[in-house]
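For reference, the structure is listed below as structure tokens.
The values are calculated or read from the model by the stated rules, or taken from the named source; none is laboratory data. Quick caveat, the model's predicted, so the values are computed rather than measured. Using ideal geometry, Cβ is built from the backbone for each residue, glycine included, and neighbour counts are taken over all protein chains shown.
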Amino acid sequence: MLHCLRKYAQNGVMTSSPSLPVDGFGKTLLDYPRPSVAVDTALLTVHDGGLKVLLVPHPGAGLGWALPGTFVRPGERLADAVLRSLREKAGVSGRDPQQLHVFDEPGRDERGWVLSVAHVDVVPFGELPAGVKLISVTEFAGARVAQVRELPYDHAQIIDYAVAQVRSQYLSAPDPGGLLTPPFTLKELRELHEAVRGESLQRDTFRRAMEPQLVATGEISDGTKGRPAALFMPY
């Protein structure tokens with residue numbers, strides 16, 4: 001055992017550590033190199049008929065846009081760091097993002113050895129703060145758009161992973177992300193799926209796949225968004 005206080009850097013902040021146990025090689029945990037840990041979150045929504053991702057100003061002045069993210073603080077859980085970054089950088093609260101993938105390429109961050117635990121969430125557009133920056137994922141593909149061409153680190157790859165996961169979830173389930181406010185018509189549901197999946201869907205095939213997973217309310221829409229049609233709720 002070591003019987004002294006050791007000074008060490010944690011995300012750039014000097015702190016004091018009490019005595020630490022040593023292993024069979026006579027080393028403590030602080031004697032081994034270790035990366036900083038960050039979290040980054042892809043928030044996806046549907047707006048104007050397309051699937052979009054939320055971006056925030058890059059923390060480096062004049063460096064463009066990035067996914068909301070932060071370093072994990074000492075003693076902080078990953079989930080709490082994610083919620084803090086969304087609240088402070090995107091103005092989004094009350095969400096429950098899910099872990100997506102760990103991005104651990106050693107050279108992914110020019111500042112040093114940083115692992116990013118990426119998260120994903122699907123958010124109804126109406127729950128996002130007014131004026132947030134949204135980029136269409138179809139425009140984003142290949143980072144060909146000037147405003148996102150310089151996304152930092154591997155945020156482009158994180159978005160690709162997030163889009164693939166959300167699209168896979170919508171292949172067979174009516175609305176796993178809760179993007180529609182029930183009740184809704186089959187046409188509204190199909191248009192949502194087309195926006196998420198980025199492709200046109202055959203009406204009758206879609207109806208046969210979705211109707212068994214829905215409950216008819218017995219009511220008819222008012223026709224303000226097309227012809228009057230039967231309204232449904234998810235099981």
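Here is how the numbers come out for the structure above:
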{"read-out": "Near pairs, Cβ below 8 angstrom, 6+ apart or cross-chain, from the stretch 67-81 (free of Cβ contacts under 8 Å to residues at least 60 places away in the same chain) to any residue that is of a type in the set (Phe, Trp, Tyr)", "value": "Ala81/Phe71"}
{"read-out": "Positions within the stretch 195-224 being touching a residue at least 40 places away in the same chain (Cβ under 8 Å) and either in a strand (DSSP E or B) or in contact with a Ser or Thr (Cβ under 8 Å, 6 or more places away or on another chain) (or both), in sequence order", "value": "Gly198, Leu214"}
{"read-out": "Elements of type strands (runs of 3 or more DSSP E) contained in the stretch 23-94, each with 2 or more residues being of a type in the set (S, T, N, Q) and closer than 30 Å to Arg190 by Cβ", "value": "36-47"}
{"read-out": "Filter result for Ile159 (modelled with pLDDT under 95, assigned to a helix (DSSP H, G or I) and not charged (D, E, K, R))", "value": "yes"}
{"read-out": "Breaking point among (1) on the phi < 0 side of the Ramachandran plot; (2) in contact with a Lys or Arg (Cβ under 9 Å, 6 or more places away or on another chain), for Ala209", "value": "(2)"}
{"read-out": "Residue count for the stretch 168-200, restricted to those that are touching an Asp or Glu at 6+ places or on another chain (Cβ under 9 Å) and either among the charged types (D, E, K, R) or within 18 Å of Leu231 (Cα to Cα) (or both)", "value": "8"}
{"read-out": "Pair list, Cβ under 8 Å, 6 or more apart: the stretch 35-57 residue under 17 Å from Ala162 (Cα atoms) and without any contact (Cβ under 8 Å) to a residue 12 or more places away in the chain, other residue basic (Lys, Arg) and surrounded by fewer than 22 Cβ atoms within 10 Å (Cβ to Cβ)", "value": "none"}
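Residue-by-condition table, conditions (1) at pLDDT 95 or above; (2) surrounded by 12 or more Cβ atoms within 10 Å (Cβ to Cβ); (3) closer than 21 Å to Pro68 by Cβ:
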position: Gly107; (1), (2), (3): no, no, no
position: Gly112; (1), (2), (3): no, no, yes
position: Gln147; (1), (2), (3): no, yes, yes
position: Pro176; (1), (2), (3): yes, yes, no
position: Pro183; (1), (2), (3): yes, yes, no
position: Glu191; (1), (2), (3): yes, yes, no
position: Glu194; (1), (2), (3): yes, yes, no
position: Glu199; (1), (2), (3): no, no, no
position: Thr205; (1), (2), (3): yes, no, no
